[in-house]
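Contents: one structure, followed by commentary.
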Amino acid sequence: MSENILEIKDLTLGVTERDGSMAVAVDHISFEVRAGEILGIVGESGCGKSLTVMSLMGLLREDVKALEGQILFQGEDLLAVSEERRREINGKDMSIIYQEPMTSLNPLMRIERQVAEPLRLHGSYSREELHQKALALLTEVGIQDPEACLRAYPHQLSGGMRQRVMIAMATICSPRILLADEPTTALDVTTQAHVLDLLKRINREYGTAILFISHDLGVINRICDRVLVMYAGKIVEAGTNRDILDAPCHEYTRGLIRSIPTRDRKGKELPSIPGRVPSVEDPKEPCPFAPRCRRAMEICHREAPACTRIDQDHIACCHLC
Ligand code: SF4
């Protein structure tokens, strides 16, 4: 059995509401990221994917708190470590890339300084060594003129180049795990394909585990080995890529699959799931998907569905499974 890099056990995250009470945004989720795999988390906006990733990095907003559970990174509970230990891990063993690199790149600092920053923080290298490492990495992530890129400021680069720079920064210390929060959503289709190929190559060549977040099951399908489907703060289905695409069991997963653009659907309007994801403060049904589910039954409004194991890695939480 492969080693787990991350084990999330019963993680529950609460958001402070206007009246000071706590609303549950991520509800007792458990999963593991295995060494060398690409695990995807898919769901619409507001399902709790990004909050989960931010909690793994220890970067939760002030109004969000971990209420229960454990985040075990190679056995060490990240919810219990000191801030100093957290700083040692972030950027070195675990790093993150975001949807819009401009929000995390410093607009006033040249790219060279930013790419080399994690190495400066976590190692002792001369200026020349830092330059050479940054140069080699920009070449590796496919930047055409890496010397010019190192001298540039972020606004002088295209969106695709900025995302490649972010990936270089995130991987310069050879982390065990890379968290990718919608890293291709802001990119055009061609650049998106290049960035997905690059992440896949990093995973295969260096064995870096990747936790890949997206609202788009089509993108998840192109890069991930296993997939978790999240809805209203819960994992409602999990399985290998094939389990999810060939034998989806939960109605939410089926709805996401129906909305993947394919060649034969070109030019046609894609079916979308009617209704919207409940917000954290909305009262929830026992199956939170019931108000949108076209196969909802009387029991779905009365009893929370248990999670059933369908196959080795495949579980689903629906009365019909
Ligand atoms: Fe639909 Fe019922 Fe399954 Fe929920 S438990 S997804 S409402 S069939």
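Ligands, DNA and RNA are left out, and with a 1.4 angstrom probe the accessible area of the chain is 49 Å² per residue. Counting only DSSP beta bridges whose two residues both lie in region 163-321, roughly 70 percent are antiparallel. From the mean inverse distance of alpha carbon pairs (Kirkwood) and the Cα radius of gyration, derive Rg over Rh for the chain. Over the Cα atoms of the chain, Rg/Rh equals 0.98.
Of all the options Gly218, Gly69, Gly20, the one that moves most in a Gaussian network model of the chain with Cα springs shorter than 10 angstrom is Gly20. Residue by residue, region 217-227 carries 3J(HN,Hα) couplings of 5, x, 5, 4, 4, 7, 10, 8, 8, 10, 9 Hz when phi is fed to the Karplus relation 6.51 cos²θ - 1.76 cosθ + 1.60 (θ = phi - 60°); x denotes Gly or Pro. The shape of region 103-172 can be summarised by an equivalent ellipsoid whose semi-axes, obtained from the alpha carbon gyration tensor, come to 18, 13, 11 Å from longest to shortest. With both residues required to sit in the chain, DSSP beta bridges show an antiparallel share near 60%.
Remark on Gly40: its backbone amide H falls under 5 Å from those of Phe212, Asp225, Arg226, Val227, Leu228, a criterion applied only to residues 5 or more positions apart or on other chains, H modelled at 1.01 Å from N. Here the label points at Ala193 and Arg85, each 7 Å from Cα along the C-beta direction, are separated by 4.6 nm in the simple model. Computed in the context of the full set of protein chains, the accessible area of the chain at 1.4 Å probe radius has 49% of its extent on carbon or sulfur. Once both labels are positioned 7 Å from their Cα atoms along Cα-to-Cβ, the gap between Arg151 and Lys268 label points is 5.4 nm. Divide the volume of the convex hull around the Cα atoms of region 131-242 by the residue count and you get 116 Å³ per residue. Spin-label pair Glu129-Met109: with each label point 7 Å from Cα along the Cα-Cβ axis, the two points sit 2.0 nm from one another. For Lys200, the accessible surface of its heavy atoms amounts to roughly 70 Å² (probe 1.4 Å, protein chains only, rounded to the nearest 10).
Percent of C-alpha pairs per 5 Å bin in region 1-129, short distances first: 2, 8, 16, 19, 19, 15, 11, 6, 3, 1, 0. Extension gain for the segment Ser158 to Gln144, taken as residue separation times 0.36 nm less the Cα-Cα distance, is 3.8 nm to one decimal. When each of the peptides 37-47, 138-148, 272-282 is scored by how many other beta carbons lie within 10 Å of its residues on average, the order from highest to lowest is 37-47, 138-148, 272-282.
A simple rule links phi to the HN-Hα coupling: the Karplus curve 6.51 cos²θ - 1.76 cosθ + 1.60 with θ = phi - 60°, which for region 270-275 gives 7, x, 10, 7, x, x Hz, with x for Gly and Pro. Computed from backbone phi, the HN-Hα couplings of region 121-134 come to 6, 10, x, 10, 10, 6, 4, 5, 4, 4, 4, 5, 5, 4 Hz, rounded to whole numbers (Karplus: 6.51 cos²θ - 1.76 cosθ + 1.60, θ = phi - 60°; Gly and Pro given as x).
Taking the chain as a Gaussian network of alpha-carbon nodes connected by springs under 10 Å, the highest mean-square fluctuation of the residues Asn221, Asn106, Asn203 belongs to Asn106.
Considering only C-alpha atoms, what is the centroid distance from region 114-131 to region 11-59, in Å? About 32 Å separates the Cα centre of region 114-131 from the one of region 11-59.
Based on the Kirkwood approach, the hydrodynamic radius assigned to region 17-82 is 13.5 Å, with every pair of different Cα atoms included.
Using the rule -39500 (n - 2.57) for each DSSP H run of four or more residues, divided by the residues of the chain, the 222 nm mean residue ellipticity is -9000 deg cm²/dmol.
The values are calculated or read from the model by the stated rules, or taken from the named source; none is laboratory data. These figures come from a predicted structure and were not determined experimentally. Positions of Cβ are generated from backbone atoms using ideal geometry, with glycine treated the same way; all protein chains shown enter the neighbour counts. Please note that ligands, DNA and RNA were not included when accessible areas were found on the heavy atoms of the full protein model with its side chains. Shrake-Rupley method; radii C 1.70, N 1.55, O 1.52, S 1.80 Å.
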